[in-house]
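Colleague: What follows is a structure written as structure tokens; I'll ask about it next.
The values are calculated or read from the model by the stated rules, or taken from the named source; none is laboratory data. What you are looking at is a predicted structure, and each value in this text was computed from that prediction instead of being measured. Glycine gets a Cβ as well: all are built from the backbone with ideal geometry, and neighbour counts include every protein chain shown. Accessible surface is based on the protein model in full, side chains and every heavy atom, while ligands, DNA and RNA are left aside. Shrake-Rupley method; radii C 1.70, N 1.55, O 1.52, S 1.80 Å.
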Amino acid sequence: MTLTEASGADGAPRPASTAPIHGEHDAMRNRLLEGKRAIVTGAGSGIGRAIAALFHAHGAQVVLADLDAASAQAAAQALDAARCHGRQADVASEASVRALVESTVARLGGIDVLVNCAGVPQRYTVIEALEEAHWERILGVNAKSVFLTCKHAVPHMKRQGGGTIVNIGSIVGVRPKPGQNAYCASKAAVIALSQSLALELACDGIRVNVVNPGAAETPMLAGFVDPARTPLEEAKRSFASNIPMGALIQPDDVAEAVLYLASPLSRQVTGAVFNVDGGRGV
Ligand code: NAP
């Protein structure tokens, strides 16, 4: 299959350069993912939960995966028990990811959209104090997870003739901070892996993009802060003061960018690294 013959995430074969969607914008803007089947990892909290809610509002069926079964199920039930399904999954475990993908395909019949949002933070740790197990956990949850979910979801997308993958990186993946050595490395790995896959999968009609949030107002933010050194509210003010736009990023800010990259509106976009960071990465 050549690029010009590739079918898009909506399944229909079409030349890559035609523009059938412009006249349909008004209708599409409200239902950008109508009928699509999506997995969102880390969907029990924060940004992942906001992405799942926006996908649901745009017509998708969503599997909300999280390490914590109760939060995944609560997030799904708060949306719509008919189109949203909470599921426990450890994205750092191949057996768990394989089971997540297989159960999604069994339930929904396929996977059109994959969002890798699960992640763990890192408090300031000098390199000589960083334990091997800590490094492996951060790299496992934040980076190996993207390899595992893509490995198991991509064969289904190839069979369907296309799909979209959006991976949540971080602005520190391109503009690192001291003391967050493993976290920065994990997010840089997400970006490089995503761009390699964007090239590898372009001819299969599978697009792969990255969204890099800046410091965002979610439960994770406290995980970057050592409360013995800096009270959380003071740390939040400090994070915000380093953002040119002057405010912490909100989960919905990130979700809107992910929606664009997951939807046919971005059908010629792959390998992009999209910063939602109030300008911090400039
Ligand atoms: P969050 O509210 O803590 O959400 C992260 C979710 O991932 C939690 O529900 C967590 O579950 C889940 N998770 C952790 N380990 C997992 C595993 N092994 N398997 C499955 N799920 C797992 O954090 P967030 O801020 O929304 O973060 C979402 C993404 O944005 C992450 O990739 C993060 O690195 C990235 N990001 C965040 C910020 C920020 O400032 N908040 C900035 C840049 C990038 P538990 O709570 O049960 O552990």
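Colleague: Looking only at region 125-137, decide whether some residue is more than 12 Å from the chain's Cα centre (by Cα), crowded, with 21+ Cβ neighbours inside 10 Å and touching a residue at least 24 places away in the same chain (Cβ under 8 Å).
Modeller: Filtering region 125-137 for residues more than 12 Å from the chain's Cα centre (by Cα) gives 125-137.
Among the residues that remain, those that are also crowded, with 21+ Cβ neighbours inside 10 Å are: none.
Taking every residue of region 125-137 in turn, none turns out to be more than 12 Å from the chain's Cα centre (by Cα), crowded, with 21+ Cβ neighbours inside 10 Å and touching a residue at least 24 places away in the same chain (Cβ under 8 Å).
Colleague: When region 106-121 is examined, which residues are found to be buried (at least 18 other Cβ atoms within 10 Å of the Cβ) and aliphatic (A, V, I, L, M)?
Modeller: Leu108, Ile111, Val113, Leu114, Val115, Ala118, Val120
Colleague: When region 211-231 is examined, which residues are found to be among the hydrophobic types (A, V, I, L, M, F, W, C) and within 11 Å of the ligand (Cβ to nearest atom)?
Modeller: Result: Val211, Ala215, Ala216, Met220, Leu221, Ala222, Phe224, Val225.
Colleague: Considering each of Gly48, Gly42, Gly23, Gly59 in turn, give the residue that is of a type outside the set (D, E, K, R) and modelled with pLDDT under 95.
Modeller: Gly23
Colleague: Could you please let me know if Ile249 is open to solvent by less than 20 Å² (accessible area, probe 1.4 Å), aliphatic (A, V, I, L, M), more than 15 Å from the ligand (Cβ to nearest atom) and at pLDDT 95 or above?
Modeller: No.
Colleague: Please state which one of Ile206, Ile168, Ile191 is touching a Pro at 6+ places or on another chain (Cβ under 8 Å) and either more than 25 Å from Leu67 (Cα to Cα) or within 15 Å of the ligand (Cβ to nearest atom) (or both).
Modeller: Ile168
Colleague: Another question, then. Can you pull out the residues in region 157-180 that are farther than 24 Å from Glu256 by Cα, open to solvent by 40 Å² or more (accessible area, probe 1.4 Å) and of a type outside the set (Lys, Arg)?
Modeller: Gln160, Pro176, Pro178
Matching residues to (1) assigned to a helix (DSSP H, G or I); (2) of a type in the set (Phe, Trp, Tyr):
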site	(1), (2)
Tyr183	yes, yes
Glu200	yes, no
Pro227	no, no
Glu234	yes, no
Arg237	yes, no
Asp252	yes, no
Ala255	yes, no
Val282	no, no
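Colleague: Scan region 173-197 and report the pairs whose first residue is without any contact (Cβ under 8 Å) to a residue 60 or more places away in the chain and whose second residue is of a type in the set (Lys, Arg) and open to solvent by less than 20 Å² (accessible area, probe 1.4 Å), with Cβ atoms within less than 8 Å and a gap of 6+ or a chain change.
Modeller: Once the first residue is without any contact (Cβ under 8 Å) to a residue 60 or more places away in the chain and sits in region 173-197, its partners that are of a type in the set (Lys, Arg) and open to solvent by less than 20 Å² (accessible area, probe 1.4 Å) give Gly173/Lys187.
Colleague: At least 3 residues that are near the ligand (Cβ under 8 Å from one of its atoms) in each: list the helices (runs of 4 or more DSSP H) lying fully within region 25-140 that qualify. Steps first, answer last, please.
Modeller: On the way: elements: 25-30, 46-57, 69-79, 94-108, 132-139.
Filter on region 25-140 gives 46-57.
Colleague: Among residues belonging to region 232-246 that are of a type outside the set (S, T, N, Q) and open to solvent by less than 70 Å² (accessible area, probe 1.4 Å), point out the one that is farthest from the ligand (Cβ to nearest atom).
Modeller: The residue in question is Gly246.
Colleague: Taking Thr2 as meeting all but one of (1) open to solvent by 50 Å² or more (accessible area, probe 1.4 Å); (2) at pLDDT 95 or above, write down the number of the exception.
Modeller: (2)
Colleague: Next question. Of the conditions (1) away from the ligand (no atom under 15 Å from the Cβ); (2) open to solvent by 60 Å² or more (accessible area, probe 1.4 Å), Lys144 fails just one. Which one is it?
Modeller: (1)
Colleague: Okay, next question. Consider Leu259 carefully, then state whether it is away from the ligand (no atom under 16 Å from the Cβ) and either modelled with pLDDT of 95 or more or under 17 Å from the mean Cα position of the chain (by Cα) (or both). Before the answer, list the steps.
Modeller: On the way: away from the ligand (no atom under 16 Å from the Cβ): no; either modelled with pLDDT of 95 or more or under 17 Å from the mean Cα position of the chain (by Cα) (or both): yes.
Spelling it out, it is not the case that Leu259 is away from the ligand (no atom under 16 Å from the Cβ) and either modelled with pLDDT of 95 or more or under 17 Å from the mean Cα position of the chain (by Cα) (or both).
Colleague: Let me ask something additional. Considering region 81-97 alone, what residues qualify as being open to solvent by 40 Å² or more (accessible area, probe 1.4 Å) and either touching a Pro at 6+ places or on another chain (Cβ under 8 Å) or under 11 Å from Gln61 (Cα atoms) (or both)?
Modeller: If the condition is that a residue be open to solvent by 40 Å² or more (accessible area, probe 1.4 Å) and either touching a Pro at 6+ places or on another chain (Cβ under 8 Å) or under 11 Å from Gln61 (Cα atoms) (or both), then Ala81, Ala82, Arg83 are the ones that fit.
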